[in-house]
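> Input: one structure, supplied below.
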Amino acid sequence: MTVKRFDGTAFDVVVPVLVAGGGACGLTAALAASDHGASVLVLERDSVPMGTTAMSSGLIPAAGTQAQRTGGVDDDSIAIHADDIVAKTNGAVDRDWARHVAIASAATIDWLIERHAIPLTLTPSARSLPGHSRSRLHGTPNRTGSELIAALYAATQATGVDVMTDARVSALVVDDGKRVRGVEITRPDGAVERIGCEALVLATCGFAGNAALVAEHIPEIAGAIAHTHPGNQGDALTWGIALGAATADLAGYQGHGSLAAGYGLLLQWIAMAEGGIQVNLNGERFTDDSHGYSEHAVEIIAQPGGVGWAIYDERVHRVLEDFNEYRELAKAGALRRGDDVAALAAATGLPADRLAGTMAAVAAMQREDAADPFGRRFDPEKALVAPYIAVKVTGALFHTQGGLVIDESARVLDRAGSPFTNLFAGGGAARGVSGATAAGYIAGNGLMTATAFGRLAGVAAAAVAARATQERMI
C-alpha cells in the first residue's frame with residue numbers, strides 16, 4: 001500500500017480507464033466508463049469479484065425510480081429521500097450533497113435495470129426499516145449481495161469489460177503533479193506487474209478489516225467482530241493521505257446489532273422494525289430496540305457477554321422469509337421457538353421470571369397502556385403474539401463510512417479542495433452520506449454510494465481518458 005513516483009520506466013501495459021476493486025462500486029464504474037466509450041480494466045484482489053457487497057443484503061435505496069412506481073410507490077421523491085438522509089444524521093450531511101446523491105442513485109438504478117438488465121425490484125418487506133420514510137429499497141430476487149455482484153459481473157462480461165482477478169493493487173505510481181500514471185499489482189505468487197492508465201477509480205472498500213485503523217478512528221467499536229470482507233484494509237485511505245487528499249467522517253461506520261451469534265449470518269433488522277424486541281442475558285430490554293441497527297451495535301456489545309436475544313413472532317418470521325440469508329439462518333438451526341413465554345425461556349436459557357416480566361411490560365406498551373422508559377413507540381398493529389421465536393445475536397462492525405473527500409463527479413479532492421487530475425473514488429473508499437457516527441447510517445447507504453458514485457466516477461473517468469487520447473493525437 002505504497003505510493004511511488006514515476007521514474008519514466010514503461011508500464012507493461014497501458015489502459016484508458018483502470019478500476020481498482022471489483023465490488024459493486026468498481027463494477028458499476030466499469031460499466032459506466034464502457035458505456036461512455038472507454039476501454040476498461042478492473043483489478044480484483046480475489047479469485048472472483050466479491051467485495052463487501054457480497055456480504056450484504058444487496059439493497060439500494062433510490063426515490064422516483066421506475067421500479068418504485070411499478071411497485072406501487074408514487075408518494076416518494078428526491079426531496080423526501082434527501083430529507084431522510086439529512087434527518088438520520090441530525091443535519092450533519094449537507095442537504096445539497098444529499099440531494100445530489102439521491103438524484104444520482106435514482107438515475108443509477110434506472111440505468112442498471114434498463115441498460116444492463118440488473119434484476120432490481122422494489123423490496124416491500126424492507127419498507128419499515130428505520131430512517132426511510134418511504135419504501136425505496138431495491139434488491140435482486142433473493143435479496144443477497146452475492147446475487148447483486150453476480151449480476152453486475154455478468155453485465156461487465158456482456159459489455160466487454162476486462163476483469164483481472166488475483167490482482168492486488170499494491171502501489172500507486174504518480175508523477176510530480178496530481179496525476180496518477182498507473183499502479184503496481186502483486187500476484188498470489190509474489191510476481192509484480194505494472195499497469196499504466198489515463199484515469200484511475202479507487203473502489204477498494206473502506207478500512208473495517210484493519211484493526212489498527214479502526215482503533216485509531218473508531219475506538220468505540222474496536223475489538224468487535226469485523227463482519228466484513230478481508231479487503232477492507234484502508235488501501236485507498238492510505239494512498240490518499242500519502243498523496244495529500246482530504247479525508248472526512250473517518251469515525252462514521254455501519255455497525256449492526258443483530259448478527260446471529262456463532263453463525264456469521266445476519267438477522268435482518270426488519271425483525272425489530274416489525275415489532276420484535278431485544279433482551280440481554282438477564283431477560284431484560286436495554287434500549288430503544290426500534291432505532292437504527294447501526295448504532296445498536298455498540299449497545300448490545302455493552303451487555304453481559306456482548307450478546308442478547310432478538311424475540312419476535314410468526315408474523316414477523318413470514319416477513320423475514322423474503323430474505324435468503326434469513327432462510328439460511330433458519331436452516332442452520334439458529335431459531336429457538338416457544339409456544340408461550342415459559343417455553344421460550346426454556347428454549348433460550350433466559351431467566352423465566354424476568355423474561356415474563358419483560359414480555360408483560362412490552363404487551364402493555366403494545367396496547368398503549370404504558371409508555372416505554374426507553375422512548376420506543378410501539379405500534380399496536382405489530383403486537384407480538386405467541387408462539388414466539390428467538391435468535392441469539394451480537395453486535396458487529398460491517399463497514400466504514402468515512403474516507404476520501406470527492407466532488408460531484410467523484411473526483412478525489414486534495415486538502416485545499418482542488419481535484420486530482422485523474423483520480424476518482426466511490427463506495428468505501430470515499431466519504432459517504434452517513435456523517436461521523438454510526439447513528440447516521442440508513443439501510444442501503446453503503447450500496448447507494450457504491451453504485452451512485454461508481455457510475456459518476458466511471459462517466460468522468462471515461463471523459464478524462466478521451467481527452468488524454470485527443471491530446472496525444474494533436
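The values are calculated or read from the model by the stated rules, or taken from the named source; none is laboratory data. Treat the numbers as computed from the prediction; the structure is a model and nothing was measured. Note that each Cβ is placed from the backbone with ideal geometry, even for glycine, and that neighbours are counted across all protein chains shown. The accessibility values were calculated without ligands, DNA or RNA, using every heavy atom of the protein model including side chains. Shrake-Rupley method; radii C 1.70, N 1.55, O 1.52, S 1.80 Å.
> Checking Gly428 against (1) touching a Pro at 6+ places or on another chain (Cβ under 6 Å); (2) open to solvent by 10 Å² or more (accessible area, probe 1.4 Å), which test does it fail?
Looking at each condition in turn, Gly428 falls short on (1).
> Do we have Arg95 as open to solvent by 60 Å² or more (accessible area, probe 1.4 Å), free of Cβ contacts under 8 Å to residues at least 24 places away in the same chain and of a type in the set (Lys, Arg) here?
Here the answer is yes, as Arg95 does meet what is asked.
> Give me a count of the residues in segment 40-77 that are among the basic types (Lys, Arg) and within 30 Å of Val464 (Cα to Cα).
The number of residues fulfilling the criteria is 1.
> Filter segment 285-317 down to residues that are of a type in the set (Ser, Thr, Tyr) and more than 23 Å from Val341 (Cβ to Cβ), then give me how many there are.
Final tally of qualifying residues: 2.
> Okay, moving on. So which of Glu321, Glu325 is in contact with a helix residue (DSSP H, G or I) (Cβ under 7 Å, 6 or more places away or on another chain) and surrounded by fewer than 24 Cβ atoms within 10 Å (Cβ to Cβ)?
Only one candidate passes the filter, namely Glu321.
> May I pose another question? Just one of the numbered conditions (1) modelled with pLDDT of 95 or more; (2) within 28 Å of Leu267 (Cβ to Cβ) is not true of Ser56; which one?
Against the list (1) modelled with pLDDT of 95 or more; (2) within 28 Å of Leu267 (Cβ to Cβ), Ser56 comes up short only on (1).
> Got at least one residue in segment 356-367 being assigned to a loop (DSSP other than H, G, I, E, B) and at pLDDT below 95?
Yes; the residues of segment 356-367 include at least one that is assigned to a loop (DSSP other than H, G, I, E, B) and at pLDDT below 95.
> Right, something else. Which ones in segment 255-272 are surrounded by 24 or more Cβ atoms within 10 Å (Cβ to Cβ) and more than 13 Å from Pro130 (Cβ to Cβ)?
Those that are surrounded by 24 or more Cβ atoms within 10 Å (Cβ to Cβ) and more than 13 Å from Pro130 (Cβ to Cβ): Gly255, Leu259, Leu267.
> Let me ask another. How do the strands (runs of 3 or more DSSP E) wholly within segment 1-87 filter down when requiring 1 or more residues that are open to solvent by 50 Å² or more (accessible area, probe 1.4 Å): which remain?
2-5, 13-20
> Continuing with this model, one more query. Residues of segment 43-81 being touching an Asp or Glu at 6+ places or on another chain (Cβ under 7 Å) and closer than 20 Å to Gly426 by Cβ, which ones?
Within segment 43-81, Ser57, Gly58, Ala63, Thr65 meet the criteria.
> Quick test for you: out of Arg115, Arg194, pick the one residue that is of a type in the set (Lys, Arg), in a helix (DSSP H, G or I) and in contact (Cβ under 8 Å) with a residue 24 or more places away in the chain.
Of the residues listed, the single one that is of a type in the set (Lys, Arg), in a helix (DSSP H, G or I) and in contact (Cβ under 8 Å) with a residue 24 or more places away in the chain is Arg115.
> Shifting gears a bit: Within segment 99-148, take every residue that is open to solvent by less than 10 Å² (accessible area, probe 1.4 Å) and among the β-branched types (Val, Ile, Thr) and give me the one that is nearest to Arg455 (Cα to Cα).
Result: Thr108.
So that you can scan it fast, the table gives a plain yes or no per residue for (1) within 24 Å of Ala63 (Cβ to Cβ); (2) in contact with a strand residue (DSSP E or B) (Cβ under 6 Å, 6 or more places away or on another chain); (3) in a strand (DSSP E or B):
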residue	(1), (2), (3)
Arg134	yes, no, no
Asn142	yes, no, no
Ser146	no, no, no
Ala151	yes, no, no
Asp166	no, no, no
Val169	no, yes, yes
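> When you look at Ala346, is it open to solvent by 60 Å² or more (accessible area, probe 1.4 Å), out of contact with any Pro (no Cβ under 8 Å at 6 or more places or on another chain) and modelled with pLDDT under 95, yes or no?
Answer is no for this residue.
> With the checklist (1) at pLDDT 95 or above; (2) closer than 25 Å to Leu27 by Cβ in hand, flag the one item Glu216 doesn't pass.
(2)
> Six or more apart or on different chains, Cβ under 6 Å: which pairs go from a residue in segment 329-348 that's within 15 Å of Gly262 (Cβ to Cβ) to one that's part of a loop (DSSP other than H, G, I, E, B)? Could you list them?
Cβ pairs passing all conditions: Ala332/Tyr263; Ala334/Tyr263.
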